[in-house]
């Protein structure tokens with residue numbers, strides 16, 4: 001690594017660390033004070049709050065990393081321009097593209113980090129947070145207990161032609177109350193089991209107090225059997241798939257669609273289990289979510305394209321200009337992003353256009369401005 005690259009990175013990473021820490025402290029402090037009365041009602045202790053914010057940290061980081069990077073990058077570039085360092089570099093024959101290489105590398109690494117967080121940790125953070133919040137409410141059966149159970153659950157596995165109907169499903173443990181499972185056999189027969197209780201134990205579904213019905217092909221008279229315990233290793237559905245099904249079904253609600261977090265893997269798994277397709281309204285929301293998950297991590301690279309022309313102009317003396325520019329750019333980007341995603345979820349524009357349009361528009365604008373600076 002050249003000496004110049006190390007210098008540019010050092011001048012970037014110090015304000016980036018301060019900006020990231022400041023954003024996190026502000027976010028956590030604001031949320032803590034806003035929800036203090038709620039936490040007191042839930043009887044959460046200090047260690048519970050620490051655990052709560054630890055599990056929600058990936059979703060916070062995925063949001064604030066691009067903003068902190070933009071603010072620190074504009075600060076660093078404006079500071080270089082204020083001391084005429086960029087002018088000296090370009091006078092020495094170093095192109096703006098070469099100057100930007102360290103920033104592009106950092107932006108690419110941050111994009112990969114955001115992609116990993118969105119895929120591995122963010123989708124489960126909401127459920128983990130709810131589990132912590134309900135930790136001391138397990139004995140209660142009213143409103144605080146309601147969030148742990150999904151009532152009247154219906155789940156269909158198109159690939160294996162199996163229907164699940166569950167009176168109550170525990171979102172955290174996978175426990176089932178009065179499950180009813182129907183599936184079609186390759187020879188045209190049908191089987192049903194009705195049980196008092198179901199659980200996923202050691203990777204296998206186990207049912208107790210089972211009433212089993214077996215229908216031969218072209219027969220309407222079942223063979224009935226009463227069993228105390230039944231294990232069904234052929235049932236390949238997992239609690240994670242069922243939770244994903246619950247989350248995706250909630251996308252039909254506009255309010256739920258905005259806060260539901262899904263990974264790319266969950267969306268592809270849902271589409272694999274439903275090859276026959278899905279309702280048009282749900283398809284638009286789900287496809288917009290999918291392309292949004294693919295597009296959102298690369299905001300950090302777009303940040304480089306936008307920050308360079310705004311921060312690298314010669315003659316600037318006031319570092320506050322970089323700060324003001326970053327605030328305006330963040331506001332404009334997120335307004336456009338929310339508007340675009342709403343249009344995609346509503347079926348007004350194609351989902352891939354809705355998800356990628358803000359990145360493409362801001363990225364092309366930045367590249368055009370950089371080209372004009374040559």
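The values are calculated or read from the model by the stated rules, or taken from the named source; none is laboratory data. Source: prediction; values computed, not measured. Neighbour counts run over all protein chains shown; Cβ positions are idealised from the backbone, glycine included.
Residues that are at pLDDT 75 or above and in contact with a helix residue (DSSP H, G or I) (Cβ under 8 Å, 6 or more places away or on another chain) within region 125-147 comprise 125, 126, 127, 128, 129, 132, 133, 134, 135, listed in sequence order. Scan region 39-62 for residues that are in contact (Cβ under 8 Å) with a residue 12 or more places away in the chain and exposed (fewer than 15 other Cβ atoms within 10 Å of the Cβ) and jot them down. Selection gives 43 alone. For residue 152, the conditions (1) at pLDDT 85 or above; (2) assigned to a helix (DSSP H, G or I) all hold with the exception of (2).
For region 310-319, the criterion of being at pLDDT below 75, out of contact with any helix residue (DSSP H, G or I) (no Cβ under 7 Å at 6 or more places or on another chain) and closer than 22 Å to residue 67 by Cβ is met by at least one residue. The one condition from (1) more than 23 Å from residue 207 (Cβ to Cβ); (2) surrounded by 16 or more Cβ atoms within 10 Å (Cβ to Cβ) that residue 135 does not meet is (2).
Condition check ((1) in the same structural domain as residue 300 (by TED's automatic domain parsing); (2) over 25 Å from residue 109 (Cα atoms); (3) in contact with a helix residue (DSSP H, G or I) (Cβ under 6 Å, 6 or more places away or on another chain)) across all residues:
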{"residue": "29", "(1), (2), (3)": "yes, yes, no"}
{"residue": "36", "(1), (2), (3)": "yes, yes, no"}
{"residue": "46", "(1), (2), (3)": "yes, yes, no"}
{"residue": "55", "(1), (2), (3)": "yes, no, yes"}
{"residue": "64", "(1), (2), (3)": "yes, no, yes"}
{"residue": "67", "(1), (2), (3)": "yes, no, yes"}
{"residue": "71", "(1), (2), (3)": "yes, no, yes"}
{"residue": "75", "(1), (2), (3)": "yes, no, yes"}
{"residue": "79", "(1), (2), (3)": "yes, no, no"}
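Taking the residues in region 155-184 that are modelled with pLDDT under 90 and not in a strand (DSSP E or B) as candidates, determine which candidate is surrounded by the most Cβ atoms within 10 Å (Cβ to Cβ). For region 155-184, the residue satisfying everything is 171. Given the structure, is residue 340 touching a helix residue (DSSP H, G or I) at 6+ places or on another chain (Cβ under 7 Å), at pLDDT below 80 and assigned to a helix (DSSP H, G or I)? When the stated conditions are applied, residue 340 does not pass them.
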